[in-house]
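Everything below concerns the one structure shown next.
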């Protein structure tokens with residue numbers, strides 16, 4: 001059980017978690033492609049006290065999305081995180097990337113670069129390994145069995161971590177006298193071969209400031225012991241608690257609960273939900289769903305605080321629910337010390353109380 005104040009995260013992808021959010025928001029539907037809108041939302045989350053912002057992503061657009069009339073386009077999650085990394089100072093930034101949608105070598109370099117650009121505030125939300133249409137979107141053998149998918153995800157995560165370690169922390173020496181930029185003896189080759197990919201050589205990017213970018217993954221996608229942060233959901237609080245306990249028992253260093261929220265705003269949550277559902281049904285997901293008042297959400301957070309280290313909130317309509325969260329929910333959570341706000345000059349690992357990993361090659365040499 002957790003005894004620390006909760007860490008608060010928020011997912012700011014698209015218009016919101018509800019499929020009809022694009023109709024209800026104050027921004028035009030194509031605002032999902034507007035960098036000014038992204039900037040405004042991420043800064044609002046940072047100033048409101050969120051420790052982490054996640055940005056969803058996908059390699060394909062589903063037929064349901066296209067037929068609904070919603071904006072199906074999106075910008076790459078890592079690119080969006082890199083853009084806002086230069087506009088923020090405290091909040092962690094974690095794009096969702098599917099391990100099977102990018103070569104591990106390039107993925108490791110992209111995420112390490114994001115960590116460097118953000119001065120140690122990068123995370124990686126490991127995407128769903130069974131995304132619809134994924135087989136047609138990538139030029140790689142795609143195993144059909146769920147066990148194979150899970151194995152490949154784990155292989156990619158382990159390989160990416162090894163690539164982050166391929167440069168020792170002091171590999172960059174910038175020795176003007178000798179004209180050497182790096183100490184080649186402190187850069188190590190990685191050799192990995194699996195049924196679907198192969199890596200040979202070192203990363204082209206120095207080791208991230210955090211050592212490893214924070215790996216965040218649903219407990220249904222990656223073994224909790226392999227992630228730094230395990231995401232759990234459920235149909236009710238009891239199921240969330242049960243999965244959180246199981247994730248801890250499996251070795252998860254930190255556990256966050258995924259919670260979708262639709263709150264009272266200018267109109268009641270019931271009226272808002274009815275109007276949204278009239279346009280598109282909000283089908284259940286793996287996240288716990290809360291529809292109610294800000295006070296009710298405070299009580300829910302207090303319940304979850306006994307079982308998890310933090311909560312990742314998914315606003316039903318970002319433009320409506322995010323202001324309610326930052327004005328009425330977070331200040332109260334901080335005042336009662338149920339949750340804590342991030343501090344300046346702190347890495348994402350520091351904010352999550354996660355240790356900086358030892359370099360595996362340094363450990364092997366010492367052994």
Only one of (1) in a loop (DSSP other than H, G, I, E, B); (2) modelled with pLDDT of 95 or more; (3) in contact with a strand residue (DSSP E or B) (Cβ under 9 Å, 6 or more places away or on another chain); (4) surrounded by fewer than 23 Cβ atoms within 10 Å (Cβ to Cβ) fails for residue 328. Which number is that?
(1)
When you look at residue 286, is it touching a strand residue (DSSP E or B) at 6+ places or on another chain (Cβ under 8 Å) and at positive phi, yes or no?
no
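Residue by residue through the range 112-128, note down the ones that are in contact (Cβ under 8 Å) with a residue 40 or more places away in the chain and over 15 Å from residue 227 (Cα atoms). Spell out how you get there, then give the answer.
Filtering the range 112-128 for residues in contact (Cβ under 8 Å) with a residue 40 or more places away in the chain gives 112-116, 119-128.
Those that are in contact (Cβ under 8 Å) with a residue 40 or more places away in the chain and over 15 Å from residue 227 (Cα atoms): 112, 113, 114, 115, 116, 119, 120, 121.
Name the residue that is modelled with the highest pLDDT, counting only residues in the range 7-31 that are in a helix (DSSP H, G or I) and buried (at least 22 other Cβ atoms within 10 Å of the Cβ). Break it down into steps so the answer makes sense when it comes.
Quick first cut of the range 7-31, residues in a helix (DSSP H, G or I) only: 21-24, 29-31.
Of the ones still in play, those that are also buried (at least 22 other Cβ atoms within 10 Å of the Cβ) are 21-22.
Details: 21: 92, 22: 88.
Result: 21.
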Suppose we filter 303, 346 for residues that are more than 20 Å from the chain's Cα centre (by Cα) and either closer than 16 Å to residue 214 by Cα or touching a residue at least 12 places away in the same chain (Cβ under 8 Å) (or both); which single one remains?
303
Testing residue 200 on (1) modelled with pLDDT of 95 or more; (2) closer than 23 Å to residue 117 by Cα; (3) in contact with a strand residue (DSSP E or B) (Cβ under 7 Å, 6 or more places away or on another chain); (4) surrounded by fewer than 20 Cβ atoms within 10 Å (Cβ to Cβ), one condition comes back false. Which one is that?
(2)
For residues in the range 32-44 being under 15 Å from residue 21 (Cβ atoms) and touching a helix residue (DSSP H, G or I) at 6+ places or on another chain (Cβ under 7 Å), which is modelled with the highest pLDDT?
41
Could you please find all residues in the range 85-105 being surrounded by fewer than 24 Cβ atoms within 10 Å (Cβ to Cβ) and closer than 14 Å to residue 121 by Cβ?
85, 86, 87, 88, 89, 90
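The values are calculated or read from the model by the stated rules, or taken from the named source; none is laboratory data. A quick note: this is a predicted structure, and the numbers were derived from the prediction, not measured. Methodologically, a virtual Cβ is constructed for each residue, glycine included, from the backbone with ideal geometry; neighbour enumeration extends over all protein chains shown.
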